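A.B. asks: My questions will all concern the structure given below.
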Amino acid sequence: MQLDWIRTFVTLAQLQHFTKTSEFLNLSQPTVSVHIKKLEQSLGVELIHRSSTNQLFELTPAGKNVFEQGKQMLDLWRTMEQATQKTEDIQLRIGSTHTVSDVLLPDFVKKIKVLYPHVRLQLMIHNHETIVEALNHHELDLALVEGTKGLEPFHVEVISRDELRFFASSRMNLRSSPLILREIGSGTREYANEFLRSERIVPAEILQASSHYLIKQLAVRGLGIAFLSSSMVKEEVQQGKLVPIDPYVIHRPFYAVYPESAASVALIKELVAVIEGPL
C-alpha cells in the first residue's frame, strides 16, 4: 500500500468528483482510477460504488471507514514532515469582498487546509473599500476582490471570472422597476453604477442592502430587480423563482491582491496559484 493511493482516495472522497480530483492533485484521470483500484486490491474491499459514467460515485461502508482512517494517516504523515522540517505555524490574514467570499472562498480555504496544514487563517469579509483600507494599513496579507479601485500600490492579478446579471421574480423593466443593489463602497455596486450610467438608466427607486442573501430574497418576493452574480442564484433560477432580465450581462474578473514586500510573499504566490486551479 502506498501513501499516494491513500491521498488520492481521501481527496476523491472530499471533492466527490474524479475530474476535480485529478486537477487538484495534478494527476491524469486514469492515474486517479488506478490509485483507487490498487488501494481496493491492497485492502481486499470495494471502496466506492461507481456510476456508469465513472464520474459519479458513493462510498461503500468500507470506503467510509477507510476515508476516516486515511485522513488520520495523512494528518500523521504531515505532522512527521513538519517535525522533520521544523516547520512553524504561519499566520495568514486573508480579506475578501462579500461576492468573492460567497463564490470562491469556501473551496479556497478547503484547499489551504489540505495542502498547507501549518497555515493558520484569519479571515476578514467586508466590502471593497474596507478591504482596500485594511491592505493600506498592513492588516491583510492577501485580498480577494472584484474591483481594482485603490489597488495601485499592490500586486494585482486575475484569478477567476464572474458573470453579473439582473434577476427578478418576473419580467420587469430596469427603467421603471425598483433596483435592489449592494451598498455604496461595494465592488458589485460600482459595476452596477457604471452599467446604469453607460445605459443612461435613472432607476425609479433603489433598495440598498449589504447582504447578498437579503437582496436575493427581496427579489424572490417581487420587490424589485436584483443585481447579483449568476453563481449565487442558480438554484432560484432552476426553480423558476427568479428569471434573468435579458439582454444585460456583465462579465468581471476576480483579483488576488497583495503587497510585493510581504514577509510571506513566496507562500502567498503559491496560494494564488492554488486559487487559479480548477475548483
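What follows is calculated from the coordinates using simple rules that are stated; it is not laboratory data. Since the structure is predicted, the reported quantities are computational estimates derived from the model, not experimental observations. Cβ: placed from backbone, ideal geometry, glycine included. Neighbour counts: every protein chain shown.
A.B. asks: Provide the descending list of Cα extents for segment 220-279 along its principal axes, expressed in whole angstroms.
C.D. replies: 49, 21, 20
A.B. asks: Per the helix-only calculation at 222 nm, which mean residue ellipticity applies to the chain, given -39500 (n - 2.57) for every DSSP H run of n ≥ 4 and division by its residues, nearest 500 deg cm²/dmol?
C.D. replies: Working: 11 runs with 125 residues, N = 279.
Value at 222 nm, helices only, nearest 500: -13500 deg cm²/dmol.
A.B. asks: What is the pair-distance distribution P(r) of segment 88-185, computed from all Cα-Cα distances in 5 Å bins starting at 0, with each bin given as a whole percent?
C.D. replies: Calculated P(r), rounded to whole percents: 2, 11, 19, 20, 17, 12, 8, 5, 4, 2, 1, 0.
A.B. asks: Which length gain, in nm to one decimal place, applies between residue 170 and residue 251 when the Cα-Cα distance is subtracted from 0.36 nm times their residue separation? Show your work: numbers first, answer last.
C.D. replies: Details: separation 81, 0.36 × 81 = 29.16 nm, distance 2.28 nm.
So the extension gain works out to 26.9 nm.
A.B. asks: If each of residue 204 and residue 31 carries a label point 7 Å out from its Cα toward its Cβ, how far apart are those two points in nm?
C.D. replies: Once both label points are built, they end up 5.9 nm from each other.
A.B. asks: Around residue 137, what is the net charge, scoring Lys/Arg as +1 and Asp/Glu as -1 over all other residues with Cβ under 14 Å from its Cβ?
C.D. replies: Net local charge, residue 137 excluded: -3.
A.B. asks: Determine the shape class of the chain: with a ≥ b ≥ c the square roots of the Cα gyration tensor eigenvalues, call it rounded for a/c under 1.5, and otherwise prolate if a/b is greater than b/c, oblate otherwise.
C.D. replies: Because a/c hits 1.5 or more and a/b fails to exceed b/c, the chain counts as oblate.
A.B. asks: Can you return the lysines within cross-link range of residue 269? Criterion is Cα-Cα under 28 Å, with same-chain partners fewer than 8 residues away left out.
C.D. replies: 20, 71, 86, 110, 111, 113, 149
A.B. asks: Let me ask something else about it. Order these by the 10 Å Cβ neighbour count, fewest first: 233, 119.
C.D. replies: Details: 233 23, 119 16.
Ascending number of Cβ neighbours within 10 Å: 119, 233.
A.B. asks: On a straight-distance basis, which lysines could pair with residue 241 in a cross-link, Cα separation under 16 angstrom, same-chain partners fewer than 8 positions away excluded?
C.D. replies: 216
A.B. asks: What GluC sites (Glu not before Pro) in segment 152-254 are in a loop by DSSP, with at most 13 other Cβ atoms within 10 Å of the Cβ?
C.D. replies: Here the GluC sites (Glu not before Pro) that fit, given the DSSP loop and packing criteria, are 199, 205.
A.B. asks: Run the paramagnetic zone check for residue 58: 7 angstrom along Cα to Cβ, then residues of segment 1-18 with backbone nitrogen under 18 Å.
C.D. replies: 13-18
A.B. asks: Among DSSP bridges having both ends in the chain, what percentage is antiparallel? Round to the nearest 5.
C.D. replies: Numbers: 22 of 37 bridges.
That works out to approximately 60 percent antiparallel.
A.B. asks: Using only the alpha-carbon atoms, what does segment 161-251 span along each of its principal axes? Please give whole angstrom values in decreasing order.
C.D. replies: In descending order, the Cα extents are 32, 29, 24 Å.
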